[in-house]
Structures are given as structure tokens and as C-alpha cells.
1. Suppose we keep just the DSSP beta bridges with both residues in the range 163-274; what percent of those would be antiparallel, to 5?
2. Taking the simple approach of a point 7 Å from Cα along Cα-to-Cβ for both residue 64 and residue 138, what is their distance in nm?
3. Given the peptides 266-273, 79-86, arrange them by the average over their residues of other C-beta atoms within 10 Å, most packed first.
4. Could you order the peptides 143-152, 238-247 from most to least packed, using the average number of other C-beta atoms within 10 Å per residue?
5. Just the accessible area per residue of the chain, please: how many Å² with a 1.4 Å probe?
6. Taking the Cα centre of each part, how many Å lie between the range 204-254 and the range 54-76?
7. So which aspartates and glutamates pass the test for residue 148, namely a Cα distance under 20 Å, with those fewer than 8 places away in the same chain ruled out?
8. Check the straight Cα-Cα distances from residue 29 and name the lysines below 16 Å, setting aside those fewer than 8 residues away within the same chain.
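The values are calculated or read from the model by the stated rules, or taken from the named source; none is laboratory data. Keep in mind that what you see is a predicted model, and the values were worked out from it rather than measured. Here Cβ is always computed from backbone atoms with ideal geometry, including for glycine, and neighbour counts include all displayed protein chains. All accessible areas refer to the heavy atoms of the entire protein, side chains included, with ligands and DNA or RNA removed. Shrake-Rupley method; radii C 1.70, N 1.55, O 1.52, S 1.80 Å.
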Amino acid sequence: MIDVINLKKSYGKLDVLKGITTTIHEGEKVAIIGPSGSGKSTFLRCLNCMEDPTSGSIVFEGVDIADMKVDINIHRRHMGMVFQQFNLFNNKNVIENVMLAPVTIEIHDLRMKKLKNFFIKIGNAFVKNKKALYEINTTPAKIKADAKENALRLLKRIGLEDKANVYPSTLSGGQKQRIAIIRALAMNPKVMLFDEPTSALDPEMVGEVLDLIKQLADEGMTMVIVTHEMGFAREVATRVLFMDEGIILEENTPKEIFQNPQKPRTKEFLSKVL
């Protein structure tokens with residue numbers, strides 16, 4: 001699904017990623033672990049080009065999205081992203097947060113489709129294509145109604161349908177993060193990227209967020225998760241990447257990484273966090 005080839009990222013003279021090469025297969029749950037400052041979050045943000053790579057390739061479903069000529073926004077639609085700090089819009093209520101991206105994108109696509117139908121030809125075909133303009137069944141009102149129905153379904157899934165009309169400032173951290181996750185799911189992504197999704201939560205709220213991620217994993221969602229939750233990585237991941245100083249130093253199954261690490265640096269790190 002995603003082929004990463006010799007990915008590098010530098011900020012001035014600081015080399016954060018020093019040549020990452022790996023493949024994320026459809027249905028995999030890849031956990032990325034390692035010390036702070038090892039490049040984990042930068043790597044994750046490069047996967048959907050929130051950070052532009054300095055060099056290398058990120059091939060997502062056959063397209064190198066690191067190529068500056070590619071319209072990255074089209075491909076980001078298929079890559080859900082969940083951040084440490086939730087990033088909900090505080091001036092919108094919960095259901096508006098969940099609906100925002102699908103409504104905005106689908107209305108934009110509808111307008112582009114209408115314009116294409118209207119201007120596709122000139123001359124004798126003009127009247128025919130003008131008729132086609134009005135043969136498009138979808139309307140902005142229908143898009144919003146469908147998005148609202150889907151948002152309510154997702155909120156019900158996480159037991160927060162009663163919070164649909166409240167604002168994020170009234171929610172707990174765990175509630176905010178679960179809503180951030182279903183906001184990403186509202187786009188029907190093919191892969192989910194999680195950047196330390198529990199690091200900003202109080203300990204008692206971590207479990208409810210991890211339970212939701214586990215549900216998604218059980219349903220077959222492809223995931224890449226930067227995490228400090230070693231127990232979660234051991235239980236949910238199909239593969240674990242250990243990063244240090246901008247490279248993948250070791251990767252293996254959770255059982256092998258946690259019970260039989262090969263690299264001295266991996267052993268040292270795990271001895272401190274387990």
C-alpha cells in the first residue's frame with residue numbers, strides 16, 4: 001500500500017530522517033517506537049506529506065506523493081490522520097467537526113463536476129451538456145444530510161451521540177480524541193496514521209482511546225501508529241519499527257522485538273520502558 005524509499009528529511013543542517021526504507025502492506029498495523037527525538041513523528045507526518053520530504057519517495061497506491069507535481073490533497077483524502085492534541089475546531093460543535101471534511105470535499109467535487117459538464121464542449125454540443133448539468137442528482141443539501149447521518153452513526157459507535165451539539169471545550173481529553181478519530185473515519189480512509197494519540201491524555205482516559213483503536217485494528221484497518229504504549233504495541237501491532245537517530249534500527253514482529261531484540265540500542269531502550 002505504501003512504499004517508502006530512502007526517505008530523508010532535513011531542517012537546515014539538522015538531519016532528522018537519514019534514509020528510511022520500508023513497506024506498509026494493506027491490513028498491517030505498524031507500531032513505531034523509539035526515544036524522543038528519533039524522528040518518529042516526522043516520519044509519520046512525511047507519510048502524507050504534511051512535512052515535505054527533502055528527498056526520497058513515498059509511493060501510495062502506485063503514486064509517488066512526494067513528487068511536488070502531484071496534487072497531494074487528492075491522496076490525503078484516503079489517509080486519515082490523528083494528532084496528539086486532537087486539533088478539533090473549537091468554534092464548531094462536535095457534529096460539525098465530524099462533518100466538515102466530507103461536506104467540504106464532496107461539495108467541491110460536485111461543483112467541479114458541474115463545471116466540467118457545462119464546459120466540456122462548445123458549439124452544437126453546448127445545449128446537450130447544459131442539460132447534463134441538471135442531470136446530476138447529488139445536491140449540497142443531500143451531501144450535508146448524508147454526512148450528518150454518517151456522523152451520527154459514528155458518534156453512536158463511540159457512545160457520544162448525546163454530545164453531537166456541544167462544543168469541544170466541554171469535553172474530556174478522551175472524548176476529544178475519540179471524536180478526532182471518528183472525524184478521520186468519516187472520510188472512509190484506506191489507512192490511518194496516529195501520532196502518539198494518547199500522549200496528551202490523563203492516564204484514566206488512555207484506555208478508552210486505545211480500545212477504539214483496537215476495534216479498528218480488529219476490523220482490518222491499515223494503521224501506522226507512533227506510540228509510547230509498549231503494551232498496546234505488543235498486543236495490537238503486526239510489526240514494530242524501532243527508530244533511533246533518524247533511521248529504522250530494527251523491525252520485526254512484536255514478539256521478536258519485545259522478547260528477543262537484536263540490536264544493543266533496542267535492548268537498552270526497552271529495558272528502560274518495560
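1. Roughly 50 percent of the beta bridges in the range 163-274 run antiparallel, per DSSP.
2. Result for the modelled spin labels: 3.1 nm.
3. Details: 266-273: 14.0, 79-86: 20.6.
Packing order, densest peptide first, comes out as 79-86, 266-273.
4. 238-247, 143-152
5. 51 Å²
6. The range 204-254 and the range 54-76 have Cα centres separated by 24 Å.
7. 96, 106, 109, 161, 162
8. Those lysines meeting the cut-off are 40, 190, 214, 255.
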